[in-house]
């Protein structure tokens, strides 16, 4: 188990810069996520850590050891590939044994560790099967066992769940968390699925266009996005553009729908008059039938355009003054607040309004 | 949010799969890679480029000065003039006849579905199993002036004087034999071209009101032209440079035979060089033209396999026509084979319709007789060695082409495939001339150059088979192996090789069996009887009056069975990909 440090890593393919100037520190035993849309450079970054690409510039350290130029087979990483990459001409057991054989592990220890690894992923009874006889989820487990059995310094997971169906994905998600907690290995996990990242990660690096846009624990990344890109990529968000009218303890933003108040301290102080966008999560907005509590801040009237029933909640589309549309999540479908066409009031706490500099 | 996917391979050769991820050291020339490339440069330099260059140099330079003297002499010499014309005519005639046979076959097989289609398309390939010059031996028995057919016709009284079946001093004999041997290659190429015509294109043409011949002429034909051209070029070059068949028919005024005859006195008579250069220029020009037509579709086998099924069930009448047509083609194409078989089991066959006595003794005697027994052994050894060379080089080259990125990759690809277009005659001539006086001189010890010439000529089959295997295999399998701690070599040995072994076996079998039946290289390079391979022994036997043709036929049958078996195995392994191996 090691910490992984990326120092100013860049990678260009021909003309295209896939990763530009990324620096990261991943702690020992951390379950670290790299999250972003396809083409953001996250897989390229992971493959550089595995050694399949050489960075154009920058350094990669495992602990104190500079492994930037080390070929992949000397890095002792355990990688789980998107398509599992199990070798079809070997049985499950042989797949798992391969890494140990290459390490010349004594046979007895091999047997013990293979047994342990297969137990850990609950595949013991499939040891003699060929990968072709396994379902996707089972193949995934074998790939995981193969990566873990060698006691890698760091486990690399490249979109490991993307080829599984929704239910299996949830199951494997719990499984990976459990295995990580049992082993405490450093794991670097690449995905474009925000739910995977939010539910599993110790920390997340949100990536876009080859750059790291924000690093933080899931809660921070979700509730305090540092840029509209991050806010947009993770979860649903309403954006309302405006201008800063007043700064201080709270920021007052003048918008087309009226003044909005944010109590979230900005990363860098705003100057009055600056252009900003206010991000408000749909589930942070409450629907109230009348303008009863007049004293409330961030109270806006709106008309309901459409209501979408989603089982555990309903999603309202509402139109505000100046033709702005917002999405609102109402957690109690059985207590409907209004019908389409009706007027309604929206309110939200200033601590849920994040003012960001537009991109 | 713009979703820009970085293109790892933008700007590099588009014919090689561009979706292939870059690998470790992909952009670097590692020392190991440099050594491998250096080795390949040396090999191809010495055994492909140097001999060709040597021939060119000797054709244009006399005593250190550039001159076109030999070409002038060549064109003034009436024999050479006639030879050139004859060869060109042979090529053209063979191409036309082959086209006429192949077009309907390809059309029937690509556009219609019917019972027994698989078997029928397999049957159509059978004629390939015998080099036409062997078939010529049997054909001479049947169609000669006093061969079976004429005797039969005379007996029945249909004709009074024997018909000259081989017309023009053997010209048509050569053409027919070559066409019957080569039409499978042509039809495989046309079929591939037709299959690549998206049926929706035809449908939209129909939708516009085109139909029947008009549809074929305006839409289908232009679209399948690249495939047709690829096949036509092979056929033309083959017939243009075929040495064995004209020799057996004693149709001596063709370029190939002229060159063959000039081999013995190369030093006194440098005309041979000019003649070879002429052949080379014709073939390369054609090859270049075909490339222009075919464009960048050389690796279609490796490309997208998403062509929608273009076929429809045949009606009863259509099926009857298809069966009658295809079966009679197979029947006619197998006449040479049948006649060789008949010759090989006849004890005496002279001036009678059928052999007067039968025997299987010749099959025994080819293993006893010194010349033939040794030739069989020689062929096995020579072909075996050349196949080993092909396996090593083929795997190496296919691996480099699919898995590594390095400068000169296109060039390596082109050079490896060059022997497909290069007549064996030209290369063999280059070997004899270029290495004369060195330790590789064929007049002293022909074995090394025989092995190398077989290897170079059959390398494309091996490379293509291996290439297809590597291409099908996910690179992630190898990466997973490296990730587990395996070095690149261990990965190749334990992961890559086992997964592509079927392709390697198929390629090796093809390389081996075609080497066994290599004609022009063997005739030219095997200068000493001790080193004669099967084909040269067959040729030598033809000169023996008494039992020559019978023993030659028995040898031919042996080679035929061998090639048939190996093609069957290869077909089983490669399935539909089989046809791709014969494409330019």
### Query
Considering only residues of the stretch A:1-26 that are at the interface with another protein chain (Cβ under 7 Å from one of its Cβ atoms) and not in a loop (DSSP other than H, G, I, E, B), which is farthest from residue A:71 (Cα to Cα)?
A:16
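Would you check if residue A:97 is in contact with a helix residue (DSSP H, G or I) (Cβ under 7 Å, 6 or more places away or on another chain), farther than 20 Å from residue A:157 by Cβ and within 13 Å of chain B (Cβ to nearest Cβ)? Walk me through it before giving the result.
Numbers: in contact with a helix residue (DSSP H, G or I) (Cβ under 7 Å, 6 or more places away or on another chain): yes; farther than 20 Å from residue A:157 by Cβ: yes; within 13 Å of chain B (Cβ to nearest Cβ): yes.
Considered against the rule, which asks whether it is in contact with a helix residue (DSSP H, G or I) (Cβ under 7 Å, 6 or more places away or on another chain), farther than 20 Å from residue A:157 by Cβ and within 13 Å of chain B (Cβ to nearest Cβ), residue A:97 comes out as yes.
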### Summary
Matching residues in the stretch A:301-314 (surrounded by fewer than 16 Cβ atoms within 10 Å (Cβ to Cβ) and closer than 17 Å to residue A:255 by Cβ) number 1
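Evaluate the following for residue A:120: is it within 25 Å of residue A:44 (Cβ to Cβ), more than 14 Å from chain B (Cβ to nearest Cβ) and touching a residue at least 12 places away in the same chain (Cβ under 8 Å)?
Answer is no for this residue.
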### Message
Here is a check on your reading of the model: is residue A:75 away from chain B (no Cβ under 14 Å) and at pLDDT below 95?
### Response
no
### Query
Can you find a residue in the stretch A:73-85 that is over 18 Å from residue A:156 (Cα atoms) and assigned to a loop (DSSP other than H, G, I, E, B)?
no
### Summary
A careful count of residues in the stretch A:78-94 that are closer than 14 Å to residue B:491 by Cβ and more than 9 Å from chain B (Cβ to nearest Cβ) gives 0
### Summary
Of the residues in the stretch A:28-38, those that are touching a strand residue (DSSP E or B) at 6+ places or on another chain (Cβ under 8 Å) and more than 10 Å from residue A:203 (Cα to Cα) number 5
### Residues being within 11 Å of chain B (Cβ to nearest Cβ), at negative phi and over 19 Å from the mean Cα position of the chain (by Cα) - total across the stretch A:27-56
6
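Scan the stretch A:202-218 and tell me whether some residue there is farther than 29 Å from residue A:109 by Cβ, away from chain B (no Cβ under 14 Å), in a loop (DSSP other than H, G, I, E, B) and without any contact (Cβ under 8 Å) to a residue 24 or more places away in the chain. Break it down stepwise before answering.
Quick first cut of the stretch A:202-218, residues farther than 29 Å from residue A:109 by Cβ only: A:202-218.
Filter once more, keeping what is away from chain B (no Cβ under 14 Å): A:202-205, A:212, A:214-218.
From what is left, the residues that are in a loop (DSSP other than H, G, I, E, B) are A:202, A:217.
Narrowing the set further to residues that are without any contact (Cβ under 8 Å) to a residue 24 or more places away in the chain leaves A:217.
Checked the stretch A:202-218: at least one residue is farther than 29 Å from residue A:109 by Cβ, away from chain B (no Cβ under 14 Å), in a loop (DSSP other than H, G, I, E, B) and without any contact (Cβ under 8 Å) to a residue 24 or more places away in the chain.
Here's the yes/no breakdown for (1) under 15 Å from the mean Cα position of the chain (by Cα); (2) more than 22 Å from residue A:72 (Cβ to Cβ):
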{"residue": "A:124", "(1), (2)": "no, yes"}
{"residue": "A:131", "(1), (2)": "no, no"}
{"residue": "A:192", "(1), (2)": "yes, yes"}
{"residue": "A:212", "(1), (2)": "yes, yes"}
### Query
Regarding residue B:118, is this residue within 29 Å of the chain's Cα centre (by Cα), assigned to a helix (DSSP H, G or I) and modelled with pLDDT under 80?
yes
### Task
State the number of residues belonging to the stretch B:423-441 that are at pLDDT below 80 and under 19 Å from residue B:243 (Cα atoms).
0
### Message
Is it the case, given these coordinates, that residue A:140 is in a helix (DSSP H, G or I) and either surrounded by fewer than 23 Cβ atoms within 10 Å (Cβ to Cβ) or not assigned by TED's automatic domain parsing to the domain that holds residue A:197 (or both)?
### Response
no
### Task
Examine the stretch A:173-190 for a residue that is within 14 Å of chain B (Cβ to nearest Cβ) and farther than 21 Å from residue A:60 by Cβ, and state whether such a residue exists.
no
### Summary
Selection from the stretch A:41-57 of residues touching a helix residue (DSSP H, G or I) at 6+ places or on another chain (Cβ under 9 Å) and either part of a loop (DSSP other than H, G, I, E, B) or under 15 Å from residue A:5 (Cβ atoms) (or both) yields A:51, A:52, A:53, A:54, A:55
### Query
(1) free of Cβ contacts under 8 Å to residues at least 12 places away in the same chain; (2) assigned to a strand (DSSP E or B): which one isn't true of residue A:265, the others all being true?
(2)
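I'd like to check something: does the stretch A:237-254 contain any residue that is within 14 Å of chain B (Cβ to nearest Cβ), at pLDDT 90 or above, closer than 22 Å to residue A:219 by Cα and not in a loop (DSSP other than H, G, I, E, B)?
Let us first name the residues in the stretch A:237-254 that are within 14 Å of chain B (Cβ to nearest Cβ), namely A:237, A:239.
With at pLDDT 90 or above added as a condition, the list becomes A:237, A:239.
Imposing the further condition that a residue be closer than 22 Å to residue A:219 by Cα reduces the set to A:237, A:239.
Adding the requirement that they be not in a loop (DSSP other than H, G, I, E, B) leaves A:239.
Checked the stretch A:237-254: at least one residue is within 14 Å of chain B (Cβ to nearest Cβ), at pLDDT 90 or above, closer than 22 Å to residue A:219 by Cα and not in a loop (DSSP other than H, G, I, E, B).
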### Query
Mind checking which residues of the stretch B:463-484 are surrounded by 22 or more Cβ atoms within 10 Å (Cβ to Cβ) and either within 9 Å of chain A (Cβ to nearest Cβ) or not in a helix (DSSP H, G or I) (or both)?
B:478, B:479, B:480, B:481, B:482, B:483, B:484
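Matching residues to (1) part of a helix (DSSP H, G or I); (2) more than 27 Å from the chain's Cα centre (by Cα); (3) assigned by TED's automatic domain parsing to the domain that holds residue A:77:
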| residue | (1), (2), (3) |
| --- | --- |
| A:93 | yes, yes, yes |
| A:113 | yes, yes, yes |
| A:155 | no, no, yes |
| A:172 | yes, no, yes |
### Summary
Checked A:129, A:103, A:146, A:113 against criteria (facing chain B (nearest Cβ under 9 Å) and touching a helix residue (DSSP H, G or I) at 6+ places or on another chain (Cβ under 6 Å)); the one match is A:146
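Residues that are over 28 Å from residue B:536 (Cα atoms): list the helices (runs of 4 or more DSSP H) wholly contained in the stretch B:313-397 that include at least 3 such residues. Quick ask: steps written out before the conclusion?
On the way: elements: B:316-333, B:335-344, B:361-368.
Once the helices (runs of 4 or more DSSP H) in the stretch B:313-397 are filtered for at least 3 residues that are over 28 Å from residue B:536 (Cα atoms), what remains is B:316-333.
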## Note on the structure
residue B:518 passes all but one of the listed conditions (1) outside any loop (DSSP other than H, G, I, E, B); (2) touching a residue at least 40 places away in the same chain (Cβ under 8 Å); (3) under 27 Å from the mean Cα position of the chain (by Cα); the exception is number (1)
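Given A:182, A:159, which one is over 23 Å from residue B:476 (Cα atoms) and either over 17 Å from the mean Cα position of the chain (by Cα) or modelled with pLDDT of 90 or more (or both)? Outline the logic, then answer.
Details: A:159 fails: over 23 Å from residue B:476 (Cα atoms).
When all the criteria are applied, what remains is A:182.
The values are calculated or read from the model by the stated rules, or taken from the named source; none is laboratory data. Being a predicted model, the structure only gives us computed values, none of them experimental. Note that we place each Cβ from the backbone using ideal geometry, even for glycine, and neighbour counts take in every protein chain shown.
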